[in-house]
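Report on one structure; see the data block that follows.
The values are calculated or read from the model by the stated rules, or taken from the named source; none is laboratory data. All values reported here derive from a predicted model rather than from experimental measurement. Here the Cβ positions follow ideal geometry from the backbone for every residue, glycine too, while neighbour counts run over all protein chains shown. Accessible surface areas use protein heavy atoms only, side chains included; no ligands, DNA or RNA. Shrake-Rupley method; radii C 1.70, N 1.55, O 1.52, S 1.80 Å.
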Amino acid sequence: MSDIPQISHGDLWSREGFREDPYVVAETLEEAGDAPAIILPLAVWLGLEDEVRNATNRKIGVSVAPGESIEPLLASLDTIPVIALQFPAFNDGRSYSKAEMLKNQHQFKGELRAVGDVLIDQVAYMLRTGFDTLKVSHSVTLTRLADHNLHDTPVYYQPGRGSRSAPGTYSWRRVPSA
Amino acid sequence: MYRYDEFDHAFVSARVDQFKDQVERRLAGELSEDQFRPLRLMNGVYLQLHAYMLRVAIPYGTLSSRQMRKLAYIARHYDRGYGHFTTRQNLQYNWPALKDMPKVLDELASVEMHALQTSGNCIRNVTADHFAGAAADEVADPRPYAEILRQWSSMHPEFSYLPRKFKIAVTGAERDRAAIQVHDIGLHLKKNATGELGFAVYVGGGQGRTPMVAKKIRDFLPVEDLLSYTTAIMRVYNLNGRRDNKYKARIKILVHETGTEELTRQVEAEFRVLKETDLKLPQQDVDAIDSYFAPPSLPLRPEGWSELAAARKADHSFSIWVDQNVTPHKNPDYGVVTISLKPIGGIPGDATDAQMDLVADIAEKFSQDEIRVSHEQNLVLPHVAIADLRIVYDLLLTDGLATANAGLITDIIACPGLDYCALANARSIPVAQRISERFGKPERQSDIGELKIKISGCINACGHHHVGHIGILGVEKKGEELYQISLGGSGDEICTIGDITGRGFSSEEIVDAVETIVDRYLDIRTDKEETFLATYRRVGAAPFKDALYSEAANAA
């Protein structure tokens, strides 16, 4: 299979291509050991002391399940390096709204990551709602992304970030009426 | 009407290419049926009992002659020579092969059509009053707003994986012909005291196994806030709608479980955040879309009235058709013609390729090149000069399209039912056909007056039985098809869900049962002016139940 070389370059995709994921996903701080970059579940992250969360010797990111609210993160957005929004199933669309709110409404500047059932057919939606990185395991998706085949359309009706570099607006503002 | 610009063309053709690729991957086994399913659904491809079915979007039910001819062409070349117009103003092909789907979509794209978002858990084809832009009673044309919503919702990045499908309907008249109160969002375009346009916003209506009338959460939303407010509703729903149970996933359940007041509070809070963003619609945006829907310039044809009087006198059948199927137009020299797709004993909503071609020809010559599809599964010629009614009628007659039954007891809505649908428990079409035959005599129908019968072959209620004046629901009980009757439903501005009468009737009994109800109505109405629905609202279910069940008991 042609996807084997890509895996050797890592499974974290961004518009620059694949790279190794610097983060270790752990259920608890203890489990992460001395890893320099960790992603913890929201409930665990919420239980951490401020000085642990903001320690300069390592990065601690947060993983948010579809049923969890992003509300408790809002006060700390400046200091969170990565928020991983989960897609336990490709058709659970709650994380799209959270991405939109984090990036557009709350100007989250850190890395916004999609994890879980990340399939090629949803990649464009993810980029357009503001995801920066995708954690990919599905083999067809790995191959397609490696080929830069984003399964995208050249134009969109809505303004969006990500999949298009040109700043968008609404279609009816882009094209003068006949 | 709306014409695609280069933007729409680029979008639709790219989507066709995407779907071609998806079909190829499915046929190659790269995609499992589970993974392919949501993708084919977003392109309008269903898997039915016997074959794949393609549902073509007809935005707000508006078609040009060229588009109608293309639909006929596809029916002829890729299907079995007919198509089925649906209650969402769409068209379904029942027999296309999966391998042909990309070709069919290419054909559609060549006339600015597609099958996007006619299924799947996304925002579906936006519907509107089928008399929009023509009806005499209209405050403003709802289609520009439906078109704005169509563009905004097409492949929406945030709202393409909702808990469940999402349906929006818009009307621009007090008389609600678009059934907005049984939609996820219903928008009633109206003017406030100072003459500005805005919307009354209804949320959480729907049929299915838990029928609910929508709640009004805004009495007047300025037009400029249409998209920000809609986005707020969608976001609250996307985040909080239930995903644990597909039968409780529609927004009506969220509204019900959250409470209208609390849900409104959440929507308004989100709206405050979104109000001043680029979702705001400045007047020039609305004007840009409005210009596509400029009313056609209709020449004065005052001679029509005397001609009409003479033609009516000469031909009683024509006269009945005019009474029943022609509705007042904004322009007094014109009328809005309903083409019934309910011939006596026929399949509601079906049209052959030849019929589609004929309607296209008539529309081109006599209706400003415009055709509408109604949610009642009929076609509409929106701008016909009174002077041309006779010739239009004669042309319609040539291919069985002049049935004078719009709004009458044989103008039945029926879902495809067990004859086609994988979800159905019972057949709908044969019941509709038998009822139509029983009441088919013109004098009898005319005497009974306005009466809407709606038939669904399962609890999903695609045949809108909950809002039928007489609703019929097919269920399966111990391997037999059984039909439950409900009475007093209505999908118009005074929206009500019908009351179930009691135990169901077998396929053999159901037509007699309907006749029993109709006979009782004729007995107890105050006069011919009192419609079935008005009578039911006055007397309630008791006299009808009495007739149904005591007679049945007597017969047993």
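For region B:289-299, how many residues meet the condition of being within 14 Å of chain A (Cβ to nearest Cβ) and either surrounded by fewer than 16 Cβ atoms within 10 Å (Cβ to Cβ) or within 19 Å of B:Gly198 (Cβ to Cβ) (or both)?
Pass one, region B:289-299, residues within 14 Å of chain A (Cβ to nearest Cβ): B:289-294.
With the extra rule that they be either surrounded by fewer than 16 Cβ atoms within 10 Å (Cβ to Cβ) or within 19 Å of B:Gly198 (Cβ to Cβ) (or both), the set shrinks to B:289-291, B:293-294.
Within region B:289-299, residues that are within 14 Å of chain A (Cβ to nearest Cβ) and either surrounded by fewer than 16 Cβ atoms within 10 Å (Cβ to Cβ) or within 19 Å of B:Gly198 (Cβ to Cβ) (or both) number 5.
For A:Ala89, the stated conditions hold: it is at pLDDT below 95 and open to solvent by 30 Å² or more (accessible area, probe 1.4 Å). Determine which single condition B:Thr260 fails, assuming it passes every other condition in (1) touching a Leu at 6+ places or on another chain (Cβ under 7 Å); (2) under 25 Å from B:Arg124 (Cβ atoms). All conditions are met except number (1).
No other residue among B:Ile412, B:Ile448 is touching a strand residue (DSSP E or B) at 6+ places or on another chain (Cβ under 7 Å), of a type outside the set (S, T, N, Q) and under 30 Å from B:Val475 (Cα atoms) apart from B:Ile412. When region A:62-99 is examined, which residues are found to be closer than 17 Å to A:Leu48 by Cβ and under 12 Å from the mean Cα position of the chain (by Cα)? Hits for region A:62-99 are A:Val62, A:Ser63, A:Val64, A:Pro81, A:Val82, A:Ile83, A:Ala84.
Considering only residues that are part of a helix (DSSP H, G or I), touching a helix residue (DSSP H, G or I) at 6+ places or on another chain (Cβ under 9 Å) and open to solvent by 40 Å² or more (accessible area, probe 1.4 Å), which ones fall in region B:240-254? Can you show your working first?
Just the residues of region B:240-254 that are part of a helix (DSSP H, G or I), to begin with: B:240, B:246-248, B:251-254.
Cutting the leftovers down to touching a helix residue (DSSP H, G or I) at 6+ places or on another chain (Cβ under 9 Å) gives us B:240, B:247-248, B:251, B:253-254.
Listed by number, the residues that qualify are B:Asn240, B:Tyr247, B:Lys248.
Do we have any residue at all in region B:107-114 that's more than 14 Å from chain A (Cβ to nearest Cβ), in a helix (DSSP H, G or I) and either under 24 Å from A:Ser97 (Cβ atoms) or open to solvent by less than 10 Å² (accessible area, probe 1.4 Å) (or both)?
Residues of region B:107-114 more than 14 Å from chain A (Cβ to nearest Cβ): B:107-108, B:110-111, B:113.
Filter again for in a helix (DSSP H, G or I), leaving B:107-108.
So of that shortlist, the ones also either under 24 Å from A:Ser97 (Cβ atoms) or open to solvent by less than 10 Å² (accessible area, probe 1.4 Å) (or both) come out as B:108.
Within region B:107-114 (the criterion being more than 14 Å from chain A (Cβ to nearest Cβ), in a helix (DSSP H, G or I) and either under 24 Å from A:Ser97 (Cβ atoms) or open to solvent by less than 10 Å² (accessible area, probe 1.4 Å) (or both)), the answer is yes, since at least one residue qualifies.
Go through the residues of region B:255-269 one by one and say whether even a single one is open to solvent by 10 Å² or more (accessible area, probe 1.4 Å), touching a helix residue (DSSP H, G or I) at 6+ places or on another chain (Cβ under 8 Å) and touching a residue at least 40 places away in the same chain (Cβ under 8 Å). No, because not a single residue in region B:255-269 is open to solvent by 10 Å² or more (accessible area, probe 1.4 Å), touching a helix residue (DSSP H, G or I) at 6+ places or on another chain (Cβ under 8 Å) and touching a residue at least 40 places away in the same chain (Cβ under 8 Å).
Residues are listed down the side, and each one gets a yes or a no for (1) modelled with pLDDT under 95; (2) buried (at least 24 other Cβ atoms within 10 Å of the Cβ); (3) out of contact with any Asp or Glu (no Cβ under 7 Å at 6 or more places or on another chain):
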site	(1), (2), (3)
B:Leu162	no, yes, yes
B:Lys167	no, no, no
B:Gly172	no, yes, no
B:Arg175	no, no, no
B:Gln181	no, yes, yes
B:Leu197	no, no, yes
B:Val201	no, yes, yes
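Can you find a residue in region B:525-535 that is assigned to a loop (DSSP other than H, G, I, E, B), under 25 Å from the mean Cα position of the chain (by Cα), of a type in the set (Asp, Glu) and farther than 25 Å from B:Cys458 by Cβ? Please lay out each step first, then the result.
Taking region B:525-535 first, the residues assigned to a loop (DSSP other than H, G, I, E, B) are B:525-531.
If we keep only those that are under 25 Å from the mean Cα position of the chain (by Cα) as well, we get B:531.
Filter once more, keeping what is of a type in the set (Asp, Glu): none.
For region B:525-535, residues assigned to a loop (DSSP other than H, G, I, E, B), under 25 Å from the mean Cα position of the chain (by Cα), of a type in the set (Asp, Glu) and farther than 25 Å from B:Cys458 by Cβ: absent.
If I filter region B:526-544 down to residues being in contact with a strand residue (DSSP E or B) (Cβ under 9 Å, 6 or more places away or on another chain) and closer than 19 Å to B:Ile453 by Cβ, which single residue comes out as surrounded by the fewest Cβ atoms within 10 Å (Cβ to Cβ)? Among those that are in contact with a strand residue (DSSP E or B) (Cβ under 9 Å, 6 or more places away or on another chain) and closer than 19 Å to B:Ile453 by Cβ, it is B:Arg537. Kindly list the number of the only condition in (1) outside any loop (DSSP other than H, G, I, E, B); (2) open to solvent by 60 Å² or more (accessible area, probe 1.4 Å) that fails for B:Pro430. Evaluating B:Pro430 over (1) outside any loop (DSSP other than H, G, I, E, B); (2) open to solvent by 60 Å² or more (accessible area, probe 1.4 Å) leaves (2) as the failure. State which residue pairs qualify: first residue closer than 21 Å to B:Asp333 by Cα and inside region B:113-137, second residue surrounded by fewer than 24 Cβ atoms within 10 Å (Cβ to Cβ) and of a type in the set (Phe, Trp, Tyr) in any location, beta carbons under 9 Å apart, and separation of 6 or more residues or different chains. Here the result reads B:Ala132/B:Phe293; B:Gly133/B:Phe293, each pair linking region B:113-137 to a residue that is surrounded by fewer than 24 Cβ atoms within 10 Å (Cβ to Cβ) and of a type in the set (Phe, Trp, Tyr). Do you know which residues across region B:224-256 are away from chain A (no Cβ under 14 Å), in contact with a Leu (Cβ under 8 Å, 6 or more places away or on another chain) and not charged (D, E, K, R)? Correct list: B:Tyr229, B:Val255. Residues in region B:146-160 that are open to solvent by less than 10 Å² (accessible area, probe 1.4 Å) and either outside any loop (DSSP other than H, G, I, E, B) or more than 7 Å from chain A (Cβ to nearest Cβ) (or both): 8 in all. Quick check on A:Ser69: is it open to solvent by 50 Å² or more (accessible area, probe 1.4 Å), at pLDDT 95 or above and among the hydroxyl-bearing types (Ser, Thr, Tyr)? Taking the combined requirement at face value, the residue satisfies it.
Within region B:161-181, the set of residues being within 19 Å of B:Gly120 (Cα to Cα) and either outside any strand (DSSP E or B) or within 11 Å of chain A (Cβ to nearest Cβ) (or both) comprises B:Tyr161, B:Leu162, B:Pro163, B:Arg164, B:Lys165, B:Lys167.
I'd like to know if region A:37-52 contains one or more residues that are in contact (Cβ under 8 Å) with a residue 24 or more places away in the chain, within 27 Å of B:Asn245 (Cβ to Cβ) and within 14 Å of chain B (Cβ to nearest Cβ). Within region A:37-52, none of the residues are in contact (Cβ under 8 Å) with a residue 24 or more places away in the chain, within 27 Å of B:Asn245 (Cβ to Cβ) and within 14 Å of chain B (Cβ to nearest Cβ).
Condition check ((1) at the interface with another protein chain (Cβ under 8 Å from one of its Cβ atoms); (2) part of a loop (DSSP other than H, G, I, E, B); (3) of a type in the set (Lys, Arg); (4) touching a residue at least 60 places away in the same chain (Cβ under 8 Å)) across all residues:
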{"residue": "A:Asn91", "(1), (2), (3), (4)": "yes, yes, no, no"}
{"residue": "A:Phe108", "(1), (2), (3), (4)": "no, yes, no, no"}
{"residue": "A:Leu145", "(1), (2), (3), (4)": "no, no, no, yes"}
{"residue": "A:Leu150", "(1), (2), (3), (4)": "no, yes, no, no"}
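Of all the residues in region B:376-400, those that are out of contact with any helix residue (DSSP H, G or I) (no Cβ under 6 Å at 6 or more places or on another chain) and over 15 Å from B:Thr327 (Cβ atoms) number 7.
B:Ala402 passes every criterion in (1) buried (at least 24 other Cβ atoms within 10 Å of the Cβ); (2) touching a Phe, Trp or Tyr at 6+ places or on another chain (Cβ under 6 Å) apart from (1).
If we only count helices (runs of 4 or more DSSP H) wholly inside region B:1-102, which ones have 1 or more residues that are within 24 Å of the chain's Cα centre (by Cα), away from chain A (no Cβ under 14 Å) and surrounded by 16 or more Cβ atoms within 10 Å (Cβ to Cβ)?
Details: elements: B:6-27, B:33-42, B:65-78.
Ranges flagged: B:65-78.
Would you mind stating whether B:Thr118 is buried (at least 24 other Cβ atoms within 10 Å of the Cβ) and either within 14 Å of chain A (Cβ to nearest Cβ) or within 19 Å of B:Ala351 (Cα to Cα) (or both)? Write out each step before concluding.
Numbers: buried (at least 24 other Cβ atoms within 10 Å of the Cβ): yes; either within 14 Å of chain A (Cβ to nearest Cβ) or within 19 Å of B:Ala351 (Cα to Cα) (or both): no.
For B:Thr118, the condition - buried (at least 24 other Cβ atoms within 10 Å of the Cβ) and either within 14 Å of chain A (Cβ to nearest Cβ) or within 19 Å of B:Ala351 (Cα to Cα) (or both) - is not met.
Within region B:370-388, is even one residue open to solvent by 40 Å² or more (accessible area, probe 1.4 Å), assigned to a helix (DSSP H, G or I) and out of contact with any Pro (no Cβ under 7 Å at 6 or more places or on another chain)? No, because not a single residue in region B:370-388 is open to solvent by 40 Å² or more (accessible area, probe 1.4 Å), assigned to a helix (DSSP H, G or I) and out of contact with any Pro (no Cβ under 7 Å at 6 or more places or on another chain).
For the residues B:Glu509, B:Glu551, the requirement of being at pLDDT below 95 and open to solvent by 50 Å² or more (accessible area, probe 1.4 Å) singles out B:Glu551. Suppose the filter is part of a helix (DSSP H, G or I), under 22 Å from B:Asp141 (Cβ atoms), within 14 Å of another protein chain (Cβ to nearest Cβ) and more than 21 Å from the chain's Cα centre (by Cα); does B:Gln266 pass it? No; evaluated as a whole, the condition is false for this residue.
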